[in-house]
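Structure first, commentary second.
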Amino acid sequence: MALRYRGLGSGGAMAREQKGKESQPAQKYRRVDVSGLDRGRRGKHHDLVAGILDELQTAPADAAVEIPLADVGVELANLRSAVHRAATNKGLSIETLADTKSLYVWRSAE
């Protein structure tokens, strides 16, 4: 059994139809105006980190805020990173220290 390929060539009906159309792919997602978007970052630890920074701002300069890791349910590295990111955005200079049970955060001397 022999198979034959019969192409339309350059003058076929399909080629003429495609040349006349400037087809654009169908939009899968809707479009929105960028000026109406909130550019702030609100990660999944936002409320927790906001509470830590609020307590830190009201704490005396020589005191650290102790965050028990078992109570927050967040890995140490993720929490420390989120706290540092939020503090930097607020213009706060902080330091952290951790042991097996807690994360300690305090304002550093500027």
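The values are calculated or read from the model by the stated rules, or taken from the named source; none is laboratory data. Quantities reported herein were computed from a predicted structural model and do not represent experimental measurements. Cβ placement follows ideal geometry from the backbone for every residue including glycine, while neighbour counts extend to all protein chains displayed.
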* Asked: within 22 Å of K101 (Cα to Cα), basic (K, R) and either loosely packed, with under 10 Cβ neighbours inside 10 Å or at pLDDT 85 or above (or both): does that describe R6?
  -> no
* To do: Taking S35 as meeting all but one of (1) outside any loop (DSSP other than H, G, I, E, B); (2) more than 24 Å from N89 (Cβ to Cβ); (3) modelled with pLDDT under 90, write down the number of the exception.
  => (2)
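When you scan the range 35-43, do you find a residue that is surrounded by 11 or more Cβ atoms within 10 Å (Cβ to Cβ) and under 22 Å from S108 (Cβ atoms), even just one?
No: the range 35-43 contains no residue that is surrounded by 11 or more Cβ atoms within 10 Å (Cβ to Cβ) and under 22 Å from S108 (Cβ atoms).
Here is a yes/no grid of residues against (1) free of Cβ contacts under 8 Å to residues at least 12 places away in the same chain; (2) over 23 Å from the mean Cα position of the chain (by Cα):
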residue: T58; (1), (2): yes, yes
residue: A64; (1), (2): no, yes
residue: G73; (1), (2): yes, no
residue: H84; (1), (2): no, no
residue: E95; (1), (2): no, yes
residue: W106; (1), (2): no, yes
* To do: Identify all residues within the range 75-98 that are acidic (D, E) and at pLDDT 95 or above; write none if there are none.
  => E95
* To do: Please work out which one of (1) modelled with pLDDT under 90; (2) surrounded by 10 or more Cβ atoms within 10 Å (Cβ to Cβ); (3) under 21 Å from Y104 (Cβ atoms) is the condition A61 fails and give its number.
  => (2)
* Count - residues of the range 77-96 that are out of contact with any Ser or Thr (no Cβ under 8 Å at 6 or more places or on another chain), more than 13 Å from L48 (Cα to Cα), of a type in the set (A, V, I, L, M) and surrounded by 13 or more Cβ atoms within 10 Å (Cβ to Cβ) -> 1
